[in-house]
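Shown next, in structure tokens, is the structure this report addresses.
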Amino acid sequence: MNIFVCIKQVPNTTEVKWDLEKGTLIREGVESIVNPFDLYAVEEGLKIKEKIGGDTKVIAITMGPPQAKEALRDVIAMGADEGILVSDRAFAGADTLATSYSLYKAIEKMGDIGIILAGKQAIDGDTGQVGPGIASWFGYPQITYVKKIVEIKDNKMVAERLTDYGYDIVESELPVVLTVVKEINEPRLPSLRGKMKAKKFEPTVFTANDINADENRIGLQGSPTQVKKVFSPPKKEGGEKFEGEAEELSEILFGKLKELKIV
Amino acid sequence: MGLTGILVIEEQCTGCGVCVGACPFDAIKINDEGIAEIDEEKCTLCGACVDACPFDAIEMKRGESSVEIDKDDYSGVLTFGEINEGELSKVALEMLSVGREIADKRGVKLSSVLIGGKELEKHAKTMINHGADIVYYIEDESLFHFNDELYAEALGKLIEEVKPEVFIGGASAVGRALLPRVAATIKTGLTADCTELDIDNETGNLLQTRPAFGGNIMATILTPNHRPQIATIRPRVMPVPQETEKNGEIKKFDFDTTTFKLSKIIKEAVILSEEEVNLHEAEVIVSAGRGVGSKENLKLIYDFAKKLGAAVGASRAVVDAGWISYPHQVGQTGTTVAPKVYIACGISGAIQHQVGMRSSDIIIAINSDPEAPIFDIATYGFVGDLNKIIPELMKKI
Ligand SMILES: Cc1cc2nc3c(=O)[nH]c(=O)nc-3n(C[C@H](O)[C@H](O)[C@H](O)COP(=O)(O)OP(=O)(O)OC[C@H]3O[C@@H](n4cnc5c(N)ncnc54)[C@H](O)[C@@H]3O)c2cc1C
Ligand SMILES: Nc1ncnc2c1ncn2[C@@H]1O[C@H](COP(=O)(O)O)[C@@H](O)[C@H]1O
């Protein structure tokens, strides 16, 4: 059985700054990282493999430009068995629908699908749509915001998913698509052996042709959404700052809370 | 260059370099001839440069899509009336204010759909009284818990029949699981987590505005060639409309759940106390950082929050220390919140925390370190010991 983990290379958004004068992004020196949530997905994949054993393989898959191979290297170092790079000029400009279609075709080509893992969301787009999108293309069940896998047995799994009111305990048949949150585990650091393997690692590259993609479903052409305008958010500035004794400060704070009508 | 791609119109390019900075992917440089050059390996065709160019010198070409649909077949606005474990959610009502606005602008009807296990007619009436013209409800015992596949199937069927031009729902845990599944099933566009919606009356295009890149940029997104145009909207951004006694149509929508092969069941829904967890819907959040000092001291934060009727948030440091559970975590790897008032107690304000809360209307920070970065974004900053200030404050409330 194969466990697929979808990982995305993203700019470290905490380093991206907005140049107010020019109204543009300052990206100088911003590094690319593996989307933080995806590391939890990789860790969970590795854990599942360790638990069920047999000939289970953890296959990391990413769609992106050639340099996204670095992201695969990072997770190969953690212990992923294989890495697939879905890369072709024809994929560029993909929105979440086209991305999930392309990943679906690539995963389908690999076959022997047990579990497909994704992060809760990517920190650049923040949509969280790709996981459910993949599930929909396959017609597989999905469990989003998974915080714990309780058990996997006889082609079934039980997991806990976060909700707005607490959590649900969900039982699903395999294959299934999961999106995971940080609570699920603590991602391991790369081992020395992993690092050695990563150094020499070259991904299997899939082009649009390789995965038999319908050209109307990929890239810009397969993307129903279009970015019309990009602009800077209203600037947040520090306001008033108060120093003094606790008694005095609590008095001012009380006044502010009253003004805001929350006391 | 194929049919699709991005093109610099050399005659118009002045080499000003605005696009270089606008590119989130570091894919543009000004070449030796003083003209913008796009590195195709790095470019993702996001379009940021097209908009940024002051000289209209960058053009994006899209191939003709063969999956054209007849947009005139679609009309009206449909909202998702989210129900959690039998309770109509607040975000369901919030959708009606923005839905009403768009429907009125287009001169079309506003309808809503409810899916659940029981008492849907009662909820339907509430939706009508908050502004819906028509409410469809899909009721079956098996729909009591939120089951993604079953709900998506039912919604897909309804959308096929009702054919709305716009379909919106809350960007809640349910909305963010369900709507992407529906959008992929009917193969249309979905814009997540919008904070602003408008409609261009001429084209019928929904202008969907949302933050991206950790709130560093705002983007307006269109779905020009597909219908319905689907969007999820951040909870608490849109107001709950006034409730007035009103007439409207309530229609049962028949959906035979037995024809659908279910491969997943919800065994149990565990409901935790509401003021504790639901950060999305809270008007006020009191958030604890490592500066609180210990798990025991956290009681002060709980008591304070309770007095204000606020939800309790936390920094990752507090979650990682095991003082509080993960659903409380605000920030990049936790939850993004935007309450009316966010009170950060003993939180340094690391950028990963900031990206999750900086869109709050008012930020109040209590921190003993005058240099803490949280003060850079705090509306009101209090430099001092929270373990002294908060008890003093509570005496007054
Ligand atoms: C990939 C990644 C993702 C991350 N995601 C998140 C995230 O989602 N959310 C998040 O919060 N963090 C996140 N972090 C961690 C983040 O960088 C910070 O480490 C974290 O936010 C710090 O938490 P803190 O402010 O509570 O603790 P600290 O940084 O230790 O700050 C404690 C503050 O309390 C003040 N203080 C101490 N005693 C008192 C007192 N008695 N009264 C008043 N003030 C006092 C101190 O002056 C200090 O400013 C992430 C980090 C990484 C690398
Ligand atoms: N280009 C991509 N390649 C591989 N996985 C992706 C890609 N984009 C998104 N994902 C996966 O989908 C999750 C949600 O991403 P998003 O829908 O963009 O917020 C991520 O955490 C990844 O697991």
Notebook entry, point to check: Among B:Leu179, B:Ser112, B:Ala219, whose Cα sits farthest toward the positive end of the charge dipole of the stretch B:71-257 (+1 at Cβ of Lys/Arg, -1 at Cβ of Asp/Glu, about the Cα centre)?
Noted result: B:Ala219
Next item on the list: Could you pull out every Cys in chain B that lacks a partner Cys with its beta carbon under 4.7 Å away?
Entry: B:Cys13, B:Cys16, B:Cys23, B:Cys43, B:Cys46, B:Cys53, B:Cys194, B:Cys345
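What length, rounded to one decimal in nm, is gained on full extension from B:Lys395 through to B:Lys187, with 0.36 nm per residue of separation minus their alpha-carbon distance?
Numbers: separation 208, 0.36 × 208 = 74.88 nm, distance 5.71 nm.
That works out to 69.2 nm of additional length.
Let me confirm one metric for peptide A:143-149, namely the mean number of other chain beta-carbon atoms within 10 Å of its residues' beta-carbons. Don't jump to the answer; show the numbers that get you there.
Values: counts 4, 8, 4, 0, 3, 0, 0.
Mean partner shielding for this stretch: 3.
Quick one: order B:Cys16, A:Cys6 by neighbouring beta-carbon count within 10 Å, fewest to most. If you can, show how the numbers build up before the last one.
Values: B:Cys16 15, A:Cys6 28.
Ordered from fewest to most neighbouring Cβ atoms within 10 Å, B:Cys16, A:Cys6 come out as B:Cys16, A:Cys6.
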Next item on the list: For the stretch B:72-163, calculate the relative contact order in percent as a whole number, restricting contacts to Cα pairs under 8 Å that are 6 or more residues apart.
Entry: 29 percent
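Could you give the dipole magnitude of the stretch B:2-63 about its Cα centre, charging the beta-carbon of Lys and Arg +1 and that of Asp and Glu -1, in debye to the nearest 20? Walk me through the intermediate numbers first.
Working: 4 positive and 12 negative charges, 53 e Å.
It works out to roughly 260 debye.
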Check: By how many degrees, between 0 and 90 and to the nearest 10, does the Cα long axis of helix A:96-110 differ from the longest principal axis of chain A?
Finding: 30 degrees
Margin query: Just to confirm my numbers, what's the Cα centroid distance between the stretch B:238-286 and the stretch B:103-117 in Å?
Written below: 16 Å
Next item on the list: On a C-alpha basis, how far is the centre of the stretch A:49-79 from the centre of the stretch A:141-191 in Å? Whole number, if you could?
Entry: 19 Å
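At R0 = 56 Å, how high is the FRET efficiency between B:Glu141 and A:Lys258 if r is their beta carbon distance? Nearest 0.05 is fine.
On the way: r = 49 Å, r/R0 = 0.87.
Efficiency computed from Cβ-Cβ geometry: 0.70.
Order these by the 10 Å Cβ neighbour count, fewest first: A:Ser136, A:Ser191.
Details: A:Ser136 28, A:Ser191 12.
With the fewest neighbours first, A:Ser136, A:Ser191 line up as A:Ser191, A:Ser136.
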Check: Percent relative contact order of chain B, based on C-alpha pairs within less than 8 angstrom and at least six residues apart?
Finding: 11 percent
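How much length is gained on full extension from B:Lys105 to B:Asn31, taking 0.36 nm per residue of separation minus their Cα-Cα distance? It would help to have the intermediate numbers written out before the result.
Details: separation 74, 0.36 × 74 = 26.64 nm, distance 4.67 nm.
Contour length minus Cα-Cα distance gives 22.0 nm.
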Notebook entry, point to check: What span do the alpha-carbon atoms of chain A cover on each of the three principal axes, reported in whole Å from largest to smallest?
Noted result: 67, 45, 40
Check: Mean Kyte-Doolittle of at least 1.0 and a Cα length of 24 Å or more along the axis: which whole DSSP H helices of chain B meet both?
Finding: none
Notebook entry, point to check: Which entries in A:Lys147/B:Lys307; B:Lys118/B:Lys246; A:Lys156/B:Lys187; A:Lys8/A:Lys57 show an alpha-carbon gap greater than 25 Å?
Noted result: A:Lys147/B:Lys307; A:Lys156/B:Lys187
Next item on the list: Among B:Met60, B:Met238, rank each residue by its count of other Cβ atoms within 10 Å, from fewest to most, as a rough exposure measure.
Entry: B:Met60, B:Met238
Note to self: Within 10 Å of each Cβ in B:35-46, how many Cβ atoms from other chains are there, averaged over the peptide?
What the structure shows: 4
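Loop-only check: which chymotrypsin sites (Phe, Trp or Tyr not before Pro) in the stretch B:23-86 are DSSP coil with at most 16 other Cβ within 10 angstrom? Could you put the intermediate results ahead of the total?
Values: sites: B:Phe25, B:Phe55, B:Tyr74, B:Phe80; in loops: B:Phe25, B:Phe55, B:Tyr74.
Answer in residue order: B:Phe55.
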Check: Rule-of-thumb check for chain B: C-alpha Rg over 2.2 N^0.38 Å?
Finding: 1.13
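Tally Lys and Arg at +1 and Asp and Glu at -1 over the other residues with C-beta under 15 Å from the C-beta of B:Gly331: what net charge comes out? If you can, show how the numbers build up before the last one.
Details: positive: A:Lys120, A:Lys182, B:Arg290, B:Arg316, B:Arg358; negative: A:Asp126, A:Glu183, B:Asp320.
Net charge in that neighbourhood comes out at +2.
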Next item on the list: Place a label point 7 angstrom from the Cα of A:Lys51 along the Cα-to-Cβ direction, then list the residues of the stretch A:129-151 whose backbone nitrogen is under 20 Å away.
Entry: A:141-151
Next item on the list: Round to the nearest 10 and give me the degree value, 0 to 90, for the angle of helix A:36-52's Cα axis relative to the longest principal axis of chain A.
Entry: 40 degrees
Note to self: Per-residue Cβ counts within 10 Å, from other chains only, averaged over B:259-270: what number is that?
What the structure shows: 6
Checklist line | Pairs from A:Lys148/A:Lys199; A:Lys148/A:Lys195; A:Lys105/B:Lys61; A:Lys49/A:Lys197 whose Cα-Cα separation, in the structure shown, is over 23 Å | finding: A:Lys148/A:Lys199; A:Lys148/A:Lys195; A:Lys105/B:Lys61
Checklist line | Net dipole in debye of the stretch A:66-148 [+1 Lys, Arg Cβ; -1 Asp, Glu Cβ; about Cα centre; nearest 20] | finding: 160 debye
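With an 8 Å Cα cut-off and a minimum separation of 6 or more residues, compute the relative contact order for the stretch B:71-257 in percent.
On the way: 411 pairs, mean separation 53.5, N = 187.
Value for the stretch B:71-257: 29 percent.
About the Cα centre of the protein assembly as shown, what is the dipole size in debye to 20, counting +1 per Lys and Arg Cβ and -1 per Asp and Glu Cβ, all else neutral? Could the numbers behind the result be given before it?
Details: 74 positive and 101 negative charges, 237 e Å.
Here the size comes out at about 1140 debye.
Every read-out reported here was derived from the displayed coordinates using simple, explicitly stated rules and does not represent laboratory data. Since we're looking at a predicted model, the values are computed, not measured. Cβ atoms come from the backbone with ideal geometry, glycine included; neighbour counts cover every protein chain shown.
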